[in-house]
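Colleague: Take this structure, written in structure tokens, and hold onto it; I'll ask about it next.
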Amino acid sequence: MKKYDYVIVGGGLFAGTFAYFAKKAGKTCLIVEKRETLGGNLYCEDIEGIHVHKYGAHIFHTSNRKVWDFVNSLVEFNRYTNSPVANYKGEIYNMPFNMNTFSKMWGIATPKEAEEIINRQKAAVKGEPKNLEEQAISLVGEDIYKKLIKGYTEKQWGRDCKDLPAFIIKRLPVRYTYDNNYFNDLYQGIPIGGYNVLINALFEGCDVELGVDYNEEKEKYNALGEKVLYTGMLDAYYGYRFGKLEYRSLKFETEVLDEKNHQGVAVVNYTDRETPYTRIIEHKHFEFGTQEKTVITKEYPTDWEEGMEPYYPVNDDKNQELYQKYRNLADEEHLLLGGRLAEYKYYDMDKVIESAFQLVEKELQ
Ligand SMILES: Cc1cc2nc3c(=O)[nH]c(=O)nc-3n(C[C@H](O)[C@H](O)[C@H](O)COP(=O)(O)OP(=O)(O)OC[C@H]3O[C@@H](n4cnc5c(N)ncnc54)[C@H](O)[C@@H]3O)c2cc1C
């Protein structure tokens, strides 16, 4: 008999969801987390009484009632609705692209007028789009592309849009209504009291070891658990034996400002090429904060190198093939795995929970 039923590698949302149901099923869990905090990318740091989203702005949104009921059973959510704005050289536009955006851009008022302009501009691209620039123009026309997509995308990927493949942008939602709600999902919000309330509820009753890289002490931790659930990077698990998977990363610059309200909204995208950051987040607006000071974070996309946080997988053919090699090994060994790193997938929070529900069903029921 080993000490724990499950040793769970990583303390993120996937791990937490699984651990929650494992405990309910009478199982014991040890969480081994590399960082000094639980919660993975959801973790918030308290600065000036404001919950600062330390690993990037997180807005919970879903159309899955089961997922929504689950998170609400652990923490109440507020009515935050994501309505970011774009700043293009000082001109402010509403996002996502909707009648407010078109009205500001062209001085028009009706959906018919907007549609006519967009369709005329889209027609500039003939045949199959050869790169991201052509793809974007064929979806939304030249003006929106130039002011709201080009610079932002080039900063995100560190490359010119003409040198990026068309498949990166499959669709660009265009709304011919005056609706600034970024998400189409039925439910959205931010946990009241911040994400740490949700995290604490998920991991309550687990033993936790922080600041430990499991891959450096595998034998020790394997000996402690009947089973291991791994939510870290799969190439790291196998000592990078076939090579390294690529990621995009982000650098965050956080400042406390001696003012109450800096930008009037939680998220402002800077869509010109010259401003070096892509977004400024003003965290208090996620929870309608009334503190005397405010905290803002500038977000700079960057190439990923070892030691940095791997935020976005580069899901091109080369990386996907490499991932599949690791995955075949893991499947042969029946390794229990899940989450955005182990599956090398961009996953929103609700999808991570859905995926953990599937593992819960397979493992615990
Ligand atoms: C910038 C950014 C913004 C986002 N915004 C949103 C949003 O607005 N809405 C939304 O729904 N989703 C958003 N997401 C996605 C969201 O972050 C993920 O869905 C979620 O965090 C995934 O949870 P996870 O458990 O799979 O991974 P993680 O949160 O990454 O958890 C994995 C954990 O494992 C730990 N770990 C890794 N390797 C080891 C090891 N060897 N030993 C020990 N521990 C290890 C890591 O430190 C980490 O804590 C965003 C993601 C990013 C990057």
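Each reported figure results from applying straightforward, stated rules to the coordinates on display, with no laboratory input. Here the structure is a predicted model, which means the values were calculated and not measured. Cβ: placed from backbone, ideal geometry, glycine included. Neighbour counts: every protein chain shown.
Colleague: Roughly speaking, what is the stretch gain from K351 to N78, that is 0.36 nm per residue apart minus the C-alpha to C-alpha distance, in nm to one decimal?
Modeller: Taking 0.36 nm per residue and subtracting the Cα distance, the gain is 96.3 nm.
Colleague: If you average the C-alpha positions of the stretch 209-248 and of the stretch 145-183 separately, how far apart do those two centres end up, in angstrom?
Modeller: Going from one Cα centre to the other spans 35 Å.
Colleague: Also, quick follow-up: Where does the charge balance sit around T37 when Lys and Arg score +1, Asp and Glu -1, over other residues with C-beta under 9 Å from its C-beta?
Modeller: Charge balance in the 9 Å sphere: -1.
Colleague: Okay, next question. Run the simple label-point estimate for K260 and K130 please: 7 Å along Cα→C-beta, distance reported in nm.
Modeller: 5.6
Colleague: Separation of the stretch 260-280 and the stretch 88-134 by C-alpha centroid, Å?
Modeller: Centre-to-centre (Cα) distance: 21 Å.
Colleague: For the chain, give the magnitude of the charge dipole about the Cα centre (Cβ charges: +1 Lys/Arg, -1 Asp/Glu; no others), in debye to the nearest 20.
Modeller: Taking the Cα centre of the chain as origin, the dipole is about 820 debye.
Colleague: Ranked highest first by average number of other Cβ atoms within 10 Å, how do 148-158, 267-277 line up? Numbers along the way, then the final one.
Modeller: Working: 148-158: 20.3, 267-277: 17.5.
Highest mean packing first, the order is 148-158, 267-277.
Colleague: Here is a further query. Compute the relative contact order of the chain as a whole-number percentage, counting only Cα pairs closer than 8 Å that sit 6 or more residues apart in sequence.
Modeller: Worked out over the chain, it gives 27 percent.
Colleague: Calculate the dipole size of the stretch 96-168 relative to its Cα centre from +1 charges on Lys and Arg beta carbons and -1 charges on Asp and Glu beta carbons; express the result in debye to the nearest 20. Walk me through the intermediate numbers first.
Modeller: On the way: 12 positive and 11 negative charges, 23 e Å.
Rounded to the nearest 20 debye, it is 120 debye.
Colleague: Return F183, F167 ranked ascending by Cβ neighbour count within 10 Å, so the fewest neighbours appear first.
Modeller: Lowest count first: F167, F183.
Colleague: Shifting gears a bit: Using the Cα centre of the chain as origin and beta-carbon charges of +1 (Lys, Arg) and -1 (Asp, Glu), tell me which of L359, G205, A223 is placed farthest towards the positive end of the dipole.
Modeller: L359
Colleague: Where does the chain land at 222 nm, in deg cm²/dmol rounded to the nearest 500, when only DSSP H runs of n ≥ 4 count, each adding -39500 (n - 2.57), divided by all residues?
Modeller: Dividing the helical sum by the residues of the chain leaves -8500 deg cm²/dmol.
Colleague: Towards the positive end of the charge dipole of the chain, with charges on Cβ (+1 Lys, Arg; -1 Asp, Glu), say which of G107, Q188, I281 has the farthest Cα.
Modeller: It is G107.
Colleague: Something else: For R241 and E363, compute 0.36 nm times the residue count separating them, minus their Cα-Cα distance, and round to one decimal in nm.
Modeller: Gain on extension, R241 to E363, equals 41.0 nm.
Colleague: Based on DSSP, what percent of beta bridges with both residues in the chain are antiparallel, to the nearest 5?
Modeller: 65
Colleague: Next question, about the same structure. Any idea what the relative contact order of the stretch 1-156 is, in percent, if you count C-alpha pairs under 8 Å spaced at least 6 apart? Display every interim value, and only then the final one.
Modeller: Details: 138 pairs, mean separation 16.7, N = 156.
Computed value for the stretch 1-156: 11 percent relative contact order.
Colleague: About its Cα centre, what dipole magnitude does the stretch 1-150 give when the only charges are +1 on Lys and Arg Cβ and -1 on Asp and Glu Cβ, stated in debye to the nearest 20?
Modeller: Values: 21 positive and 17 negative charges, 106 e Å.
My answer is approximately 500 debye.
Colleague: Positive end of the dipole of the stretch 96-168, charges at C-beta (+1 Lys, Arg; -1 Asp, Glu), about the Cα centre: which of L164, T153, I117 has its Cα farthest in that direction?
Modeller: T153
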